[in-house]
Amino acid sequence: MRAVLVRAFGPTDQVEIGEIEAPLKLGTEVIVDVHAAGMNPIDYKTTIGKGAAKAVEPLLPWIPGGDMAGVVAEAPYEAHDVQPGDAVFGLVDHWRTRGSFAEQAAVPSLALAPKPESLSFEEAAAVPCAALTAWDAVVRIAKARAGQRILIHAGAGGVGHFAVQFAKYFGAHVAATASERNIDFVRGLGADEVVDYRKDRFEDVLQKVDVVVDLIGNVQDDTGSRSLDVLKHGGLYLNVPTGSWPDYAAATAARGLRASSVKVEPDGANLGIIGRLIDAGDVHVEVQQVYPLDRVHEAFETLQGGHVRGKLVISVR
Ligand SMILES: NC(=O)c1ccc[n+]([C@@H]2O[C@H](COP(=O)([O-])OP(=O)(O)OC[C@H]3O[C@@H](n4cnc5c(N)ncnc54)[C@H](OP(=O)(O)O)[C@@H]3O)[C@@H](O)[C@H]2O)c1
């Protein structure tokens, strides 16, 4: 099958598009004919030798990509709920296996959900990792609800644009950070307040926040540390880019705040709920651009620029 191949960790312009053996199905895995694969920052982080590089090194040539949407080619067994021909979307456990930037992927059946009918394969492939991360942070951990004030950093990005919509859907008052060109976009997703992080310091504008969903951390402008200044006593700080602020636990505890990191789980049940919200018209999926597989280098370069609105997607077939 054709796939994006990382033969050695290094700059993303060195990844190859080549032939590799198709994945074998084990146990209750499903073989999916991948139509489209969504991109996430972890894909380039691992490709350049950070992220999950240590874990996938034995798999070189490794295939990047977690998100995918496609059609089931092989089911776990005859009477299983998932059957050949089903249109599905989900998250490949690409920390442990080869990923989804390929014509086929092996995916645990519990990581899959029916593709939302209202979405193309390209749009569906944009959803799993970003939306499941946003769901875990905003819905499962923060328990977004009316009366709660939530600040979401990077509200225009992949995770952020879902996080804003989920927080609003569950009734919270939503503030987000974005640059000027994305302010109307993030307001359109339902944010009550959008702070232009290049013009204003968010801690000068926002106060008494219950939850901060931090998608930046201390790798830019001390976003993590400064977030503690907007939280109420007992408020919750969620650090999503793991490694972006190693000291968040001690810093939050010293100020009487709660904190946690967040790590996405390939949860097909929650993905199915998200798919139903999408089909009901309650959640919008923003795809900035779809690239054919041959232009994956260009897609990687744009992703690494750090200013994608919504998602980038690779069209595989
Ligand atoms: N722990 C996990 O399981 C997990 C899961 C998913 C993602 N992550 C991590 O979470 C982070 C976000 O992921 P993502 O997919 O949402 O990334 P992304 O889509 O690449 O984020 C891009 C967005 O970030 C915004 N941005 C850049 N600098 C900003 C700043 N200083 N303040 C506010 N917004 C800023 C940009 O908006 P402007 O163009 O307006 O600046 C852009 O829309 C990444 O580090 C990713 O690796 C972790």
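The values are calculated or read from the model by the stated rules, or taken from the named source; none is laboratory data. Model, not experiment: these values are computed from the prediction. Backbone-built Cβ (ideal geometry, glycine too); neighbour counts: all protein chains shown. Quick note on the areas: whole protein, heavy atoms, side chains included, nothing else; ligands and nucleic acids left out. Shrake-Rupley method; radii C 1.70, N 1.55, O 1.52, S 1.80 Å.
Structure notes:
- Some residue of the stretch 215-234 being within 15 Å of the ligand (Cβ to nearest atom), within 19 Å of the chain's Cα centre (by Cα) and either over 22 Å from Y197 (Cβ atoms) or not assigned by TED's automatic domain parsing to the domain that holds L151 (or both): no
- So V296, is it in contact with a Leu (Cβ under 8 Å, 6 or more places away or on another chain) and surrounded by 17 or more Cβ atoms within 10 Å (Cβ to Cβ): no
- Taking residues in the stretch 258-278 that are on the phi < 0 side of the Ramachandran plot, and partners anywhere that are open to solvent by less than 60 Å² (accessible area, probe 1.4 Å) and hydroxyl-bearing (S, T, Y), the pairs with Cβ atoms closer than 6 Å and at least 6 places apart or on different chains are A259/Y237; A259/Y248; A259/T252; V264/T133.
- Scanning the stretch 146-195 for residues that are more than 14 Å from the ligand (Cβ to nearest atom) and of a type in the set (V, I, T) yields a total of 2.
- Taken together, the residues in the stretch 299-317 that are away from the ligand (no atom under 13 Å from the Cβ) and either open to solvent by 10 Å² or more (accessible area, probe 1.4 Å) or of a type in the set (S, T, N, Q) (or both) amount to 3.
- Selection count, the stretch 72-117, where residues are aromatic (F, W, Y) and open to solvent by 60 Å² or more (accessible area, probe 1.4 Å): 2
- The set of residues in the stretch 154-170 that are among the β-branched types (V, I, T) and closer than 19 Å to R198 by Cβ contains only V164.
- Residue ranges of strands (runs of 3 or more DSSP E) in the stretch 208-317 with at least 2 members hydroxyl-bearing (S, T, Y) and farther than 24 Å from A69 by Cα: 258-261
- Checked against (1) more than 12 Å from the ligand (Cβ to nearest atom); (2) crowded, with 24+ Cβ neighbours inside 10 Å, S120 meets all criteria but (2).
- Residues in the stretch 10-39 that are buried (at least 19 other Cβ atoms within 10 Å of the Cβ) and not in a strand (DSSP E or B): T12, V15, P23, M39.
- Test: residue in the stretch 132-142 that is closer than 19 Å to R201 by Cβ and modelled with pLDDT of 95 or more: no
- Across the stretch 56-69, the number of residues qualifying as more than 18 Å from the chain's Cα centre (by Cα) and open to solvent by less than 40 Å² (accessible area, probe 1.4 Å) comes to 3.
- Residues of the stretch 176-193 satisfying the condition of being under 26 Å from I42 (Cβ atoms) and assigned to a strand (DSSP E or B): A176, T177, A178
- Number of positions in the stretch 72-86 that are in contact with a strand residue (DSSP E or B) (Cβ under 7 Å, 6 or more places away or on another chain) and within 13 Å of S109 (Cα to Cα): 9
- Condition check for D204 on (1) buried (at least 17 other Cβ atoms within 10 Å of the Cβ); (2) more than 10 Å from the ligand (Cβ to nearest atom): one failure, at (1).
- Filtering the stretch 107-114 for residues that are within 16 Å of the ligand (Cβ to nearest atom) and within 22 Å of E265 (Cα to Cα) leaves a non-empty set.
- Selected residue (criterion: least open to solvent (accessible area, probe 1.4 Å)) from residues of the stretch 166-201 that are more than 22 Å from L257 (Cβ to Cβ) and among the basic types (K, R): K168
- Some residue of the stretch 230-247 being open to solvent by 30 Å² or more (accessible area, probe 1.4 Å), at pLDDT below 95 and at positive phi: yes
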